[in-house]
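I have placed the structure first, in the form of structure tokens, so that the comments after it can refer back to it.
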Amino acid sequence: MLRTPSAVRDAERYTAHNYHPLPVVVSSAEGAWLTDVDGRRYLDCLAGYSALNFGHRHPALIRAAHEQLDRLTLTSRAFIHDQFADFCRELAALCGKDLVLPMNTGAEAVETGIKVARKWGYQVKKVAPGQANIIVADGNFHGRTTTIVSFSTDDDARADFGPYTPGFTVVPYGDLAALEAAIDENTVAVLLEPIQGEQGVVLPPEGYLPGVRRACTDRNVLFIADEIQSGLGRTGRTFACDHEGVVPDMYLLGKALGGGIVPVSAVAADADVLGVLRPGQHGSTFGGNPLACAVGTEVVRLLATGEFQRRSAELGERLRAGLEGLLGSGLVAVRVRGLWAGVDIDPALMTGRQACERLMDRGVLAKDTHGSTIRLAPPLVITSDEIDHAVAQLAAVLAG
């Protein structure tokens, strides 16, 4: 008897319905492959929204976690542990920044960035008390806390969660003139995703990110890059900003930083920005814990070799070629940067959800968003043959 139907029913019965998962129940995984409770294997083309950039159970990351589990897992930040300095130093070096503030989830990193930017605005830029403002882009996805959804333009994320937090101005993504016009004496930061993942892997217009960098520099405003999904090798460079030679004032990192093992996030910036914080003004019991730091340090060392960035860039071109070959055969648009793709299916053919269900039936797991768009973000350990397999299965779905 198959175990999947009853496991799905139990999950639906005892869980708040804040997700609409595909009816697959995973029991084990390795590399780019998942196995469900009935023994069926699936090619993972989502990678935990980029949290699994290094694949499932990467040997070096598992080894680091096991070794740390046998020694020490938590101290709180009331004390210093022996993994903390290495993690912060090596991550700061990877980012080219002075300091790192470790947290747990991506949303915590974003909230931290907002707090730091406001404090910097009051202490350094001398914005009038209570007037700090941050510019964000429409179509953004930075998390789901009450503050973050206050500047979301996605009604599903925002509706019925008010009253909303003030202090944000929303401008169209990719519209540099609108962004420049929105900056005033109370603007402390511009917060952007270099590539909008949840929106469907939407790439910025050429020259947009350098223009944002210039505007922020000229007007004494912090440029905060949310690289939680786009960073750490996903796009073929360490950071998505690297594609246009842009260095933000602050990186927000997460997802892949925990190696698919533990939640790890971080804010990286220079001392003149992160240095505004003083003891007692911000923190987290689990932020920068020994287990997180041990795994995070190994993640940074994997990235320091450049191997995963190269794989993402090279295999991403293969993915691009395969997907673009389906334009006109069920796909109406393809956007690819490294091993990250958004594909728009002809809405007359099927929805994104229907496409993902049919891919699941063919042993490939992906995720839909915004109607007829699906996102592909396989682990960076995927092979060229596996990419070809995923594209072939999508072609078969589109062909009916």
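Computed from the coordinates by the stated procedures, all read-outs in this text should not be read as laboratory data. Since we're looking at a predicted model, the values are computed, not measured. So basically every Cβ, Gly included, is an ideal-geometry build from the backbone, and we count neighbours across all protein chains shown.
Below, the figures for the structure above:
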| read-out | value |
| --- | --- |
| Reciprocal of mean inverse Cα separation for region 164-261 (Kirkwood radius, Å) | 14.0 Å |
| Residues LYS126, LYS97 arranged by fewest to most Cβ contacts within 10 Å | LYS126, LYS97 |
| Region 39-92: C-alpha gyration tensor shape, a/c 1.5 cut-off, then a/b vs b/c | prolate |
| With Cα atoms, 0 to 90° folded angle of helix 352-361 axis to the chain main axis | 50 degrees |
| Straight-distance crosslink candidates among aspartates and glutamates, where the alpha carbon sits under 15 Å from LYS126 and sequence neighbours closer than 8 are dropped | ASP184, GLU185, ASP272 |
| Reciprocal of mean inverse Cα separation for region 72-304 (Kirkwood radius, Å) | 17.8 Å |
| Cα convex hull of region 294-373 - mean projected area over all directions, nm² | 6.6 nm² |
| Partner lysines for LYS367 [C-alpha distance under 24 Å; skip if fewer than 8 residues away on the same chain] | LYS255 |
| Partner lysines for LYS125 [C-alpha distance under 22 Å; skip if fewer than 8 residues away on the same chain] | LYS97, LYS115 |
| Between 0 and 90°, nearest 10: helix 307-324 axis offset from the chain longest Cα axis | 50 degrees |
| Hydrodynamic radius by Kirkwood, which averages 1/r over all alpha carbon pairs of region 206-281, in angstrom | 13.6 Å |
| Tilt relative to the chain, helix 106-120 - C-alpha long axis, 0 to 90 degrees, to 10 | 20 degrees |
| Lys/Arg +1, Asp/Glu -1 at C-beta; the chain dipole; positive extreme among PRO5, SER284, ASN53 | SER284 |
| Helical contribution to [θ] at 222 nm, DSSP H n ≥ 4, -39,500 (n - 2.57), averaged over the chain, rounded to 500 | -10500 deg cm²/dmol |
| Values of log10 I(q)/I(0), in the order q = 0.17 Å⁻¹, for region 67-139 under a Debye, Cα-only, solvent-free model | -0.88 |
| For region 1-133, radius of gyration divided by Kirkwood radius, i.e. Rg to Rh on alpha-carbons | 1.09 |
| Per-bin percent of Cα-Cα distances, region 212-256 [10 Å] | 31, 49, 18, 1 |
| Per-q log10 I(q)/I(0), region 78-190, q = 0.24 Å⁻¹ (Debye; single scatterer per alpha-carbon; no solvent) | -1.32 |
| Shape metrics for the chain, restricted to C-alpha atoms - Rg then Dmax, Å | 21.1, 67 |
